[in-house]
1. Could you list LEU27, LEU53 in order of exposure, starting from the residue whose Cβ has the fewest other Cβ atoms within 10 Å?
2. Around GLU77, with a cut-off of 10 angstrom between Cβ atoms, what is the net charge of the other residues, counting Lys and Arg +1 and Asp and Glu -1?
3. Taking the Cα-to-Cβ direction at LEU90 and at GLN39 and moving 7 Å from each Cα, how far apart do the two end points lie in nm?
4. For region 31-65, which chymotrypsin sites (Phe, Trp or Tyr not before Pro) pass both filters: DSSP loop (anything but H, G, I, E, B) and at most 14 other C-beta atoms within 10 Å?
5. Can you work out the Karplus-derived ³J(HN,Hα) for every residue in region 152-157? Use 6.51 cos²θ - 1.76 cosθ + 1.60 with θ = phi - 60°, whole Hz, and x for glycine or proline.
6. Which cross-chain or sequence-distant (5 or more) residues have an amide H under 5 Å from the amide H of SER159, H modelled 1.01 Å from N in plane?
7. Using a Förster distance of 35 Å, how high is the FRET efficiency between HIS107 and ALA82, based on the Cβ-Cβ distance and rounded to 0.05?
8. Under a 5 Å amide H to amide H cut-off, with H placed in plane at 1.01 Å, what residues pair with GLN39 once short-range neighbours are removed?
Amino acid sequence: MAALIILLLATAQPSSPTTSSIVEGGLFAATPVALGQGQLLGPELSLRFAGPLAFGVRARLGFAAENDLDWHVSHTEGHLSALLAWVQPLGRAEVSLALSTGGILLHEDRVRHQAARTAGSNLPVESSALTAGVQTSIEGAVRLFFYDRYAVSVNGGPSIRWVADAQNHGERVGVAIGLALAIALEDR
């Protein structure tokens, strides 16, 4: 039922092809590049320049934490990507398919559980690492313009990331999804 209402809203008022640039800000969730499990969560900001074949940039900062038998791991990833998107207007909405590629900066802190008990035993109590890598993703998005040039955006898709010091020889296939508010920089 909700999908039918969204489809009716999207097709309610015909619009011309998107000719304006769009700024989006919201939250995303993704598979962490170096943790065996868990969920990366954090803010994202993107700018897409005008056109049916548009280009832009996106920045994401994600946080995750994991506990195993020995360590508490705090994991922070920063992603900066260039993107190329095909955009198709659909009434008061638009759908897009974007290919993005860029860099990852990964910072990880590890603190041993019950570190005070292991103080005399030559075991490391803390460790910290900083590494970088690359990522590529293909993401689909739907933007529904609800008031003038303001929109709600949902995006998601698969990604491939590689970080030099990560487990599994560095490469990791994952999924990212996002929910954002968007504003067109010019009237639609």
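Readers should treat all values here as calculations from the given coordinates under stated rules, not as data from a laboratory. It should be emphasised that the depicted structure is a prediction, and the values quoted were computed from it without experimental measurement. Virtual Cβ from ideal backbone geometry, glycine too; neighbours counted across all protein chains shown.
1. Ascending Cβ contact count within 10 Å gives the list LEU53, LEU27.
2. +1
3. 2.5
4. Within region 31-65, the qualifying chymotrypsin sites (Phe, Trp or Tyr not before Pro) (loop, at most 14 other Cβ atoms within 10 Å) are PHE49.
5. 10, 10, 10, 9, x, x
6. Placed amide hydrogens put GLY174, VAL175, ALA176 under 5 Å from SER159.
7. Details: r = 22 Å, r/R0 = 0.64.
In this case the efficiency is close to 0.95.
8. ALA65
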